[in-house]
1. Could you check how many residues of region 36-62 are in a strand (DSSP E or B) and touching a residue at least 40 places away in the same chain (Cβ under 8 Å)?
2. So, in region 80-90, how many residues would count as being in a loop (DSSP other than H, G, I, E, B) and either within 14 Å of residue 117 (Cβ to Cβ) or in contact with a strand residue (DSSP E or B) (Cβ under 7 Å, 6 or more places away or on another chain) (or both)?
3. Of these, 77, 68, 93, which one is under 19 Å from residue 14 (Cβ atoms), touching a residue at least 24 places away in the same chain (Cβ under 8 Å), loosely packed, with under 14 Cβ neighbours inside 10 Å and touching a strand residue (DSSP E or B) at 6+ places or on another chain (Cβ under 9 Å)?
């Protein structure tokens, strides 16, 4: 599988995922061996993940706690954040421009966290 390239995304569809855990190396070995995903380290504690065509690319990140966060591509990030708050959700990471994308994180009424990505 080639290095992750930007894929086209369907508005309001899944466009990215983050797999987190305390050590990058075991996660990289696990996902490359299990699924054949191409994992390319991009700096301390961060690696890009390429998946087969038709599915989103993602990342493996080092964090103290394990987690899986899905990213939804939205056409208007500000409108999506406002709509989430109006419907009982809360913003847990405000709108951020990381140089690649504009994103934010919300929690739904049950506390599940999603990343919203400006598409």
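None of the figures in this text is laboratory data; all of them are computed from the coordinates on show. Everything numeric in this text was worked out from a predicted model, so none of it was measured. Methodologically, a virtual Cβ is constructed for each residue, glycine included, from the backbone with ideal geometry; neighbour enumeration extends over all protein chains shown.
1. Residues flagged as in a strand (DSSP E or B) and touching a residue at least 40 places away in the same chain (Cβ under 8 Å) within region 36-62 amount to 9.
2. 1
3. Only one candidate passes the filter, namely 68.
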